[in-house]
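Every read-out reported here was derived from the displayed coordinates using simple, explicitly stated rules and does not represent laboratory data. Quick caveat, the model's predicted, so the values are computed rather than measured. Using ideal geometry, Cβ is built from the backbone for each residue, glycine included, and neighbour counts are taken over all protein chains shown.
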Amino acid sequence: MLNESSTIVAVSTAAGVGGIGVVRLSGTKSLEIAQGLCDNKIVARYAGFHRFIHSDNKTIDQGIVLYFPAPNSFTGEDIIEFQAHGSPIVLQQIVNACVDKGAVVAEPGEFTKRAYLNNKIDLMQAEAVIDLINASTEKAAKSAINSLSGKFSFIINDLLKNLIELRMYVEACLDFPEEEIDFISQGNVSEKINKLHITMQAIIESAQQGKLLREGIDIVLVGQPNVGKSSLLNQLLGEERAIVTEIAGTTRDSISTEISLRGIPVHIVDTAGLRETDDLVEIMGIEKTWQSLEKAHIALFIVEAGTGITKYEKTILERLPSDTRKIWIFNKIDLLKSRSKSIDTVDGTHVYVSAKTGDGIELLIDQIFDNTGMPSNIDDNQNIFMARNRHLEALGRVKKALTNAALNIDAAEIVAEELTQAQQALSSITGEFTSDDLLGEIFGQFCIGK
Ligand SMILES: Nc1nc2c(ncn2[C@@H]2O[C@H](COP(=O)(O)OP(=O)(O)OP(=O)(O)O)[C@@H](O)[C@H]2O)c(=O)[nH]1
Ligand SMILES: [Mg+2]
């Protein structure tokens with residue numbers, strides 16, 4: 001259980017050895033505890049050099065101490081930072097010394113949780129802290145810092161303000177049942193709901209893109225042995241990661257790789273060609289191929305351009321989850337001396353490439369973006385909202401409530417009720433109506449010390 005009145009302590013820098021390591025204290029007793037360890041007087045907002053001394057009077061280390069008095073600190077409480085040498089043993093000794101003097105070891109994310117509980121940041125900004133720490137590409141980091149700086153909280157709060165104004169107007173109309181309908185039309189309620197609906201749709205699209213930016217796109221390469229799956233992986237990766245040979249059945253175990261395609265994290269799996277085999281390793285590899293296919297956003301089906309789609313690929317298609325996107329890749333066009341191209345057909349997009357020469361790879365990447373709803377080039381000014389499922393669900397509920405309100409525009413009571421629902425769903429994003437369970441879940445994903 002969290003006790004918000006306790007003073008917490010943790011190592012805030014990454015585990016392992018480093019030049020400098022930081023131990024952080026937060027809570028009312030931070031200064032008293034830290035002063036008990038230091039040989040000089042600690043001064044607020046002053047980088048003081050101290051010896052850190054254990055209760056047995058032995059020196060643990062020497063370094064800098066920073067003191068940020070409440071409320072002007074990250075958590076809104078008194079914060080002390082010890083900057084010591086980055087040895088895990090030294091840092092642990094400082095933590096132990098603080099615990100001896102009354103601090104308790106922080107839970108994962110507890111510093112950020114306190115910042116949220118003390119209204120220093122809202123829930124969306126707290127989530128952005130962990131997204132920024134975990135960002136795997138520059139674009140993902142930029143998007144997280146947008147959320148952390150409050151850009152998206154501002155958009156959500158602005159929408160919330162309009163929603164509340166509208167709801168109050170409709171509720172006021174309820175007091176005059178005779179003139180209710182006139183009031184609704186005079187107040188342009190219907191137009192305002194439609195406008196909110198359009199804004200919501202744009203936010204949902206940006207959130208869907210942000211979710212991919214945060215979590216990455218899952219892609220699986222499938223196809224018969226020898227069609228060029230591993231060659232394509234190497235081509236996308238720009239290095240010889242997978243073994244390529246003319247022997248069918250070269251890849252027997254799946255190879256998972258993280259790449260960045262135009263700044264978007266992509267998790268790509270090169271698989272063992274799906275075929276009948278007695279080779280135990282290959283059988284297990286084929287089983288893994290199926291598992292990867294089940295969770296993929298996009299399956300890239302590779303065939304030889306000279307052969308085309310066969311019965312074999314059609315059998316795989318039948319087993320595939322219906323929401324998996326598919327792109328057909330006709331490989332080895334160099335052998336046919338034909339040019340790369342991309343065409344839309346009734347069974348999906350066909351992209352003609354050569355994994356050997358690289359011809360058509362950019363066209364393929366365009367198609368990958370197209371199939372995930374991502375713009376094919378995200379420029380740096382684009383506002384992508386670093387979203388998670390929780391946000392998407394809430395945004396979906398807001399949109400549904402607005403649709404219901406629009407459909408029942410002549411019944412002011414229903415309109416008011418739907419607008420209330422929309423308001424609650426929207427506020428849950430920034431954390432106004434949020435259960436303790438949800439908070440536990442969100443902050444539990446953090447590392448200790450953040
Ligand atoms: N000419 C030509 N050869 C290619 C192309 N792509 C792959 N190959 C050749 O096809 C053979 C098989 O390529 P791989 O990439 O190992 O094929 P795979 O689908 O991974 O094969 P398995 O792992 O056995 O399932 C190799 O000899 C490659 O050099 C291409 O675009 N053009
Ligand atoms: Mg292979």
* Structure fact -> In this structure, the FRET efficiency calculated for Ser322 and Asn119 from their beta-carbon separation, with R0 = 35 Å, to the nearest 0.05, is 0.20
* For Ala411 and Glu294, calculate 0.36 nm times their separation in residues minus their Cα-Cα distance, and state this gained length in nm to one decimal. => 37.6 nm
* Asked: For the chain, rounded, prolate or oblate, judged on the Cα gyration tensor with a ≥ b ≥ c (square roots of eigenvalues), a/c < 1.5 rounded, else prolate if a/b > b/c?
  -> oblate
* To do: Quick one: grab the alpha carbon gyration tensor of the stretch 8-121, order the square roots of its eigenvalues as a ≥ b ≥ c, and give me rounded if a/c is under 1.5, else prolate or oblate depending on whether a/b is larger than b/c.
  => prolate
* Asked: Asp100 to Glu432: FRET efficiency via 1/(1 + (r/R0)^6), r the Cβ-Cβ distance, R0 30 Å, to the nearest 0.05?
  -> 0.15
* **Built amide H within the under 5 Å cut-off of Thr251, gap 5+** => Gly273
* Structure fact -> Classified through the alpha carbon gyration tensor (a ≥ b ≥ c as square roots of its eigenvalues; rounded if a/c is under 1.5, else prolate when a/b is larger than b/c, else oblate), the stretch 216-372 comes out rounded
* Quick one: which of 302-309, 261-268 comes out on top by average Cβ neighbours within 10 Å, and what's the full order, highest first? -> 261-268, 302-309
* Structure fact -> antiparallel share of DSSP beta bridges within the stretch 216-372, to nearest 5, in %, is 35
* For Lys400 and Arg51 in the same chain, what is the full-extension length gain: residue separation times 0.36 nm, less their Cα-Cα distance, in nm? -> 119.6 nm
* Added length on full extension, which subtracts the Cα-Cα distance from 0.36 nm per residue, Ala202 to Ile164 -> 11.7 nm
* **Spacing of the two label points (7 Å from each Cα toward its C-beta) at Asp39 and Glu246, in nm** => 7.5
* Among Asp278, Asp270, Asp347, which comes first, second and so on when ranked by fewest other beta-carbon atoms within 10 Å? -> Asp278, Asp347, Asp270
* To do: Only Lys, Arg, Asp and Glu count, each charged at its Cβ (+1, +1, -1, -1), so figure out the dipole size of the stretch 33-118 about its Cα centre, rounded to 20 debye.
  => 160
* Let me have the relative contact order for the chain, percent, based on Cα pairs under 8 Å that are six or more residues apart. => 17
* Which order do Glu205, Glu318, Glu441 fall in if you start with the one that has the fewest other Cβ atoms within 10 Å? -> Glu318, Glu441, Glu205
* **Estimated 222 nm signal from helices in the chain, with DSSP H stretches of n ≥ 4 weighted -39500 (n - 2.57), rounded to 500** => -14500 deg cm²/dmol
* Fewest-first sequence of Glu240, Glu127, Glu276 by Cβ atoms within 10 Å of each Cβ -> Glu276, Glu240, Glu127
* **Set of lysines with alpha-carbon distance to Lys151 below 24 Å, sequence-local pairs under 8 removed** => Lys113, Lys120, Lys139, Lys142, Lys161, Lys192, Lys195, Lys211, Lys399, Lys450
* Of the listed peptides 160-173, 23-36, what is their order by residue-averaged count of other C-beta atoms within 10 Å, with the highest listed first? -> 23-36, 160-173
